[in-house]
1. For K310, give me every one of the aspartates and glutamates with a C-alpha distance below 19 angstrom, ignoring sequence neighbours fewer than eight places off in its own chain.
2. Give me P(r) over the chain, computed from all C-alpha to C-alpha distances, binned every 10 Å, as integer percentages.
3. Please list, or write none, the aspartates and glutamates whose alpha carbon is within less than 20 Å of the alpha carbon of K120, excluding same-chain residues fewer than 8 places away.
4. For the chain, give the percent of accessible area contributed by carbon and sulfur heavy atoms, probe 1.4 Å, rounded to a whole number.
5. Would you mind telling me which residue in R223, R146, R110 has the biggest mean-square fluctuation in a Gaussian network model of the chain, where springs connect alpha carbons within a distance under 10 angstrom?
6. About the Cα centre of the chain, what is the dipole size in debye to 20, counting +1 per Lys and Arg Cβ and -1 per Asp and Glu Cβ, all else neutral?
7. Collect residues whose amide H, placed 1.01 Å from N in the peptide plane, falls under 5 Å from the amide H of V112; neighbours closer than 5 in sequence don't count.
8. Top mean-square fluctuation among V197, V19, V148, Gaussian network model of the chain, C-alpha springs under 10 Å?
Amino acid sequence: MSSVVGEALSVAVAAGVPVLLWGSPGTGKTSAVVALAESLNWPLEVVIGSIREPSDFAGLPVISEGTVRLAPPAWAQRLVTAGHSLLFLDELTTAPPAVQAAMLRVVLERVVGDVRLPDKVHVVAAANPPEEAADGWELAPPLANRLVHLDWPVDGRQIARGLATGFPAPPLSAFERPPTYEQTAAARATVAAFLEVRPELVLQTPKGGQGWPSPRSWESVARLTAACTAVGGSPDVLAVLVTGAVGEGAALEFLSWVEHLDLPDPVAVLRDPDGFELPRRGDRAFAVLTSVVAVAVAAGDAEVWDAAWKVIAKAARTAPDVATLAARTLARRRPAGARIPTALLELTPILRAAGLLHD
């Protein structure tokens, strides 16, 4: 197992983003998922779509007390009571289209019949390329868009070492260090700033059964970015995850843009708003203000909220449009007891645009 892909698998599972391992038969995908579950001491439920009916995911209609309910199968009932656990959808490309369609709510919303699986249930899948699978089917675009796609490499030397000394389990650091609210807010702001610059990448029609850009997959990128930041993940791990979520083209643009963005830490900006200088580049200014406001809103603290207004005040002098947008967002989430600082009353146009002053 590649260390990069193994870490990417752990980060995706820890972040609660459904992940799909692509690889040829017999390359250890299933073994890696089993090893991850054993390392975490989590129960593992293995479900193979090719030997299931759509009702095994959508629920079986049962008449009870004069009403019809969709009864979940036994594997779903076990997951409901298991707490932290892994649902492993193996041999995904052997599932016919009707079964793939029934899996949609299971993968994204974790709903099976009339039962919702707990948030502690994490979804992992594995698949062979359709041409290598037994009676293989292409992955339907709606199902593909719900997953982060990781290519499972085969390295001869790593296989040799694993046979000799044992195969390593995926790392667990992502489960020990979840992202903070600041990291989550900053990641969401970064993705939002990129899409502000490249709105045509918000949604692109898929050409195959792997990751493609959509609002849902960009949301996954934000969650994965925050999780990578929390564990100090390498750029290679982040690149694998982003590519798996939105596809190679969109990922390349996003990662290149982030690499040259060089944004200040929004928490550091809020600690010293008087020393902050707004970047001149429009996309950097948007990203900074968006992340600052996101962190201030997430904090829910009057002092931090006040500091964010000071940042907006400085931004209004050179970038009034961006400052107005930030002010509107900040104004909607005022913490209890917070007031607009009197020093900001000089920003009458900005405050009025944010709905905080009226004629």
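The values are calculated or read from the model by the stated rules, or taken from the named source; none is laboratory data. Source: prediction; values computed, not measured. Glycine gets a Cβ as well: all are built from the backbone with ideal geometry, and neighbour counts include every protein chain shown. Ligands, DNA and RNA are stripped out before the accessible areas are found, and what is left, the full protein with its side chains, is counted by its heavy atoms. Shrake-Rupley method; radii C 1.70, N 1.55, O 1.52, S 1.80 Å.
1. The reachable aspartates and glutamates, counting only those whose Cα sits under 19 Å from K310, are E182, D265, D272, D274, E277, D301, D321, E346.
2. 5, 22, 27, 21, 15, 8, 2, 0
3. Of all the aspartates and glutamates, those that pass the test against K120 - Cα under 20 Å, at least 8 places apart if same chain - are E7, E38, E45, D90, E109, E176, E219.
4. Working: 9140 of 17180 Å².
It is 53 percent, rounded to a whole number.
5. R110
6. Values: 30 positive and 38 negative charges, 171 e Å.
The calculation lands at about 820 debye.
7. L117
8. Among V197, V19, V148, the largest GNM mean-square fluctuation belongs to V197.
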